[in-house]
Structures are given as C-alpha cells and as structure tokens.
1. Calculated FRET efficiency, HIS121 and ALA71, Cβ-Cβ r, R0 41 Å, to nearest 0.05?
2. So between ALA100 and VAL350, what do we pick up on full extension, going 0.36 nm a residue minus the alpha carbon distance?
3. Mind giving me the FRET efficiency for VAL371 and ASP307? R0 is 30 Å, r the Cβ-Cβ distance, nearest 0.05 is fine.
4. I need CYS98, CYS266 ordered by Cβ neighbour count within 10 Å, fewest first.
5. Which cross-chain or sequence-distant (5 or more) residues have an amide H under 5 Å from the amide H of GLY97, H modelled 1.01 Å from N in plane?
6. May I ask for the Kirkwood hydrodynamic radius of region 174-375, worked out over all distinct Cα pairs and given in angstroms to one decimal?
7. Between SER91 and THR108, what length comes free when the chain is fully extended (0.36 nm per residue of separation minus the Cα-Cα distance, one decimal in nm)?
8. Starting from the amide H of ILE218, placed 1.01 Å from N in the peptide plane, find each other amide H under 5 Å away whose residue is 5 or more places distant or on another chain.
Amino acid sequence: MSSGQAFSPTSAPPNLQHHRSSSSSSSPMLGGVVIAIVIVFVAGWLCFCFRRKLFANFSLWRRQKGKLDAAKMKLRRFRLEELQKATDNFSKSCLVGCGAFGNVYRGTFEAEGTLAIKKPHAESYTSTEEFRNEVKLLSKVKHDNLVGLVGFCEEIGPKAAKILVYEYVTNGSLLEYIMGRGGRSLTWRERVKIAIGAAKGIAHLHEGISPSIIHRDIKPSNILIGEGYEAKVSDFGLVRSGPVGDQSHVSSQVKGTPGYLDPAYCSSFHLTPFTDVYSFGVILLQLVAARPAVESSRNNASSHIIDWARPSIEKDSIEDILDTDLLIQGCNMQMMLKMGQLALRCVVKVPKKRPTMTQVWQELEAALKSVDDHFLPPQPLDEDSSTLMTSTTDQATSLRMNQLSSMDHDYSSSIVSIDGIGLERFHVDIDSMSFQSARLRCLETSISMDEGFSIIQ
C-alpha cells in the first residue's frame, strides 16, 4: 500500500470498533430498566395484595371485637339453623307473643325442651354493640322471679341474626288472668302471692345487681305465670342501667306503655327505680279490681284506675272496687284493702316518697302472714246461704255469658294497640246486684255497676 499502512485481518476498521463499543455499553442499561420495571410491578402487586388482606383482617377484627363469650357468661350460643328448625322457620303456629320490639316464638329442642325465642324487628337494634351489651346485661339476671336468659344467636353476613333465647313459662301472662281471658281467674291468695313474687323479681333488678337495672315496662303482660303459679317478670327490651354512686337518676328518653308510665318520669326525663314502683302500683290496683289501667267508656272519655279507685280505698271501702270474681269466690277484705293502700303509696307524685320494691314485697308478705295467723276455718253454710251462693254464682255466670254472646246490644268491641300488642276491649254492662247474708262477709255490700266497666281481652 502506498500509504504504508498495513492491513491486518485481525484488526477491525476504526468505525466498526466504535459501533461495537456503543452497543456493548447500552445493553446493560436497557436490561437494568427492564428489571426495574419488573421489580416495581411485582412490588406494587404484592403491596396491593398485602393491603387488601390487611384490610380484610382489620375488618374481621373489628367485627369480632367485643365478641360475646358464651361460656364465660354461662349461656348457650345457638345457630340460626337450630332456631329455624325449632320454630318451623318462625311459623305463625309457633308465635306466642308480639310487641313493638319483636316477636316471641315457642321453640322445641331435643336437649333443652321448650324455650321462648325472641326475634327482634330489623330496626330494634341500632348496632351489634347494642345487642351485645344487652346480652351481657341480661346474663347477670339470675332470680327465681325473673325469666332467665338461656342463650343467644349472633350471626353476621347475608343471614345476619341477633336473637335472644329465654326459658319458656307455661301458664301465660298475668293480663290473661286479671281480665278473665279464656275463663281464667285467680283467687285472692294467688293474686297476693303473684304480687309478692313479681315484686321480689323487680327488687332484685334494683338492688341485687350492680349497677342496678330499671325495667321501664312493668305491666301485666310482662309478668308471666309459671307452673306453680309463681310470678316471673319478663321482656327486658327496654331495660336501662340505673344510677350509680352519688347519682340520683339517669336521664333517658321516655319509653314504656301508656297507663303504666310514671308522670314524674315523663315530665322530667329522670329515670329511677321508683319509675318501676309506680308501674307496679298500677298492677296492684288491677289485681284488686280486674280493671284496665286506662278505661274508655261510653259515658266518659277516659278514666285511669288510680283516679277511679282512690276514693274507695281512702274510705276503706275496698268492696266498692273489688273484682266481682272475688266477691263470688270469697276473699279476705283486709288483705285486699292492704294491697289497695300499698298501691296508692306506690303511685304518689313525688318518687322519693314511694316505697322501694323490697319494702313492697316485705309489706305484702307481712300482711299475708298476719292474715294466716288469724285465719279461722270457714263455717259450713246453712241451707239458705248455700242456696244463695249457688244462685249468685249461676246468675253471674249466666249474666257474663249472655253479655258476651250478644253483638248488637250488650257489648261493643274495638281493636286497640298498646306497645304493638293487639288488645280487644269489651264494654260489659252488669246489672246491680245485692247480697245479704251474715255468713258471707265478702258479699255483704250492695254493689252497683250501672255505668259498666270494660275488660281488655
């Protein structure tokens, strides 16, 4: 070559060497970018999955926070399927009661036998926490005169359920007996014993539990009658914890049943155990007179049993307001008068002047013991008195059947609703009756009921 530069096959041209150098340096850079993109994508995907799982676990933790420990509370946790099977899927044939809070069904179980299942309406509980607090509160309620909580059902998800399961009380409610539903009636002694039992149950809520519990819905339909005719207070849907420490009351929205609501509570929103005492005073008057708490008659707009009974009780004329069934059966007037007088003390306007529920049952027990200590065996009736008793009983029975069998003239019926429970009101006119017998002490007084009275069925 003229230029004197030798060409070697092992030597690449200068331009080619520069191209190879540029290619080799860009390859690692491109690979690093790809790897970085892959790492970012994988990291993002893992972060998304982790956060989603973490959120799910957090939600589960929140749902399980405060979860009820059935074993610790000595309650049984029921599955929804069990309750559905026991009640034939909550059929009407198993429905035994209904109210503003929910429906009560009779359920049959292999191990526990018959139980009462309270299924609340969808809007009854505002939150799961509210339901759990009620279960915890009721798990502390253990007394012979209170309907016991057996267990509960709490399920979440599509088949969410919040259900309470109570012991089943066989003989219905006090309302059925007071008003003679189905021909049922109570003797004077049974009425006193039921009053004592119910008072003991309420007193346990007020004084036997800390913090105390105020029922807020004491009424005859919430006092159930057991096999031995013992009283059992039920339906704790409106219960509230009472005042603690130096508190004199708790402030609360007014809830309860018209006719049994304490006027002092309604006007001040101050809830105390004496609120239940007032309601129980109304029940005592109903045990004596077998009359609704508030009566609407054809002659006057409405009359509360307190206003109606007070004049007779203050004059010691208990026979003027006594249930006619007791007049026919025979009763101890002294005990009935004591019950009426105690009732008026329970409903005085100033709550602090009312007796406590413990004082109520103690006074009733003392009065009953006094009656038993001075009890004399009944003397045999002479022929005239026996004939009078038979005639009186037959007349009263015939009169009641005739009054209830005539739709057009002797009664009018209307359906009213108190706290969601349908009640049938009958207005029955009873002709004046007079009893004159030296041996029938409880039938001595001439009774006039021309204005009539109403019976809630």
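1. Numbers: r = 29 Å, r/R0 = 0.71.
That pair, HIS121 with ALA71, gives E of 0.90.
2. Values: separation 250, 0.36 × 250 = 90.00 nm, distance 2.96 nm.
Additional length available on full extension: 87.0 nm.
3. Details: r = 28 Å, r/R0 = 0.94.
The pair VAL371/ASP307 has a calculated efficiency of 0.60.
4. Details: CYS98 15, CYS266 11.
Exposure proxy ranking, most exposed first: CYS266, CYS98.
5. Amide H to amide H, under 5 Å and 5 or more residues apart or across chains, GLY97 pairs with VAL104.
6. Numbers: mean 1/r = 0.0582 Å⁻¹.
Radius from the Kirkwood sum: 17.2 Å.
7. Values: separation 17, 0.36 × 17 = 6.12 nm, distance 1.28 nm.
Computed gain between SER91 and THR108 is 4.8 nm.
8. It is none; the list stays empty.
Quick note: the coordinates plus some simple rules give every number you see, no bench work behind them. What you are looking at is a predicted structure, and each value in this text was computed from that prediction instead of being measured. Cβ: placed from backbone, ideal geometry, glycine included. Neighbour counts: every protein chain shown.
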